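The block underneath contains the structure these notes are about, expressed in structure tokens.
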Amino acid sequence: MTGLPPLDLASGPLLVAIGPGGSGKSTAAGRIGVPVISLDTLRQEIGGDAGDQSVTPAAVARQDALLEEYLSAGTAVLLDSTNVEVHVRAALVERARRYGRPIVALRLLPDLDTCLSRNRLRPPNPRVPDDVLRWQYDLAAAATPDALIAEGFSAVHEITTTL
């Protein structure tokens with residue numbers, strides 16, 4: 001992985017990874033050096049399987065509670081999930097604003113073939129169906145730096161990943 005940006009973590013930002021499955025979000029999250037809230041990990045904790053989509057509502061509720069804890073404490077935290085949908089990001093921007101915290105997008109968008117290849121290397125259950133991954137990819141591609149700033153993000157960093 002290359003392209004990890006220098007980040008102002010003293011301001012207690014909400015760092016939001018944005019990218020389709022297989023884009024390198026979790027790998028990048030592990031290298032930033034702040035607490036990470038991972039939707040896959042929460043699904044694992046709640047339902048015993050990171051790929052169990054049936055527990056996603058409970059995992060999101062737990063994610064939201066954890067976000068509230070970090071934001072209210074002014075502690076930097078990284079949200080590791082796709083975050084490709086505008087309404088999901090809008091809720092995150094609003095939450096960060098409520099606590100006066102900066103919100104920083106970490107956009108990961110290697111080429112589609114790279115995402116598909118990485119996804120195929122995953123075990124079957126957490127593997128994202130190709131059509132869903134393509135949908136995620138298209139939404140992530142539309143989340144350009146200019147679009148993310150217009151949505152209310154304080155800053156956008158594009159992170160380059162390699163196999």
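Table for the structure above
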item	result
The chain: calculated mean residue ellipticity at 222 nm from DSSP helix runs of at least 4, using -39500 (n - 2.57)	-14500 deg cm²/dmol
Under 5 Å, built H, 5+ apart or other chain: amide partners of LEU78	LEU15, VAL36, ILE37
Percent carbon-and-sulfur accessible area, segment 12-155, ignoring ligands, DNA and RNA, probe 1.4 Å	53
3J(HN,Hα) from dihedral phi, segment 128-141, Karplus parametrisation 6.51/-1.76/1.60, rounded to Hz, x for glycine, proline	8, x, 3, 5, 5, 4, 4, 4, 4, 4, 4, 5, 5, 5
Cα-centre dipole for segment 52-163 with unit charges at Cβ (Lys and Arg positive, Asp and Glu negative), debye to 20	220
Positive-pole candidate from PRO145, ASN125, ILE159, dipole of segment 114-162, charges at beta carbon	ASN125
Whether the chain is rounded, prolate or oblate, judged on the alpha carbon gyration tensor where a/c under 1.5 counts as rounded	oblate
Where the chain is the region considered: accessible area per residue in Å², 1.4 Å probe	47
Nearest-0.05 FRET efficiency for GLU94 and ARG127, computed from C-beta distance (R0 45 Å)	0.90
Magnitude of the charge dipole, segment 29-83, Cβ model with Lys/Arg +1 and Asp/Glu -1, debye to 20	140
Neighbour net charge for VAL36 - beta-carbon separation under 15 angstrom, K R +1, D E -1	0
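The values are calculated or read from the model by the stated rules, or taken from the named source; none is laboratory data. All of these numbers come straight from a predicted model, not from anything done at the bench. Glycine gets a Cβ as well: all are built from the backbone with ideal geometry, and neighbour counts include every protein chain shown. Keep in mind that these areas ignore ligands, DNA and RNA; they rest on the heavy atoms of the full protein, side chains included. Shrake-Rupley method; radii C 1.70, N 1.55, O 1.52, S 1.80 Å.
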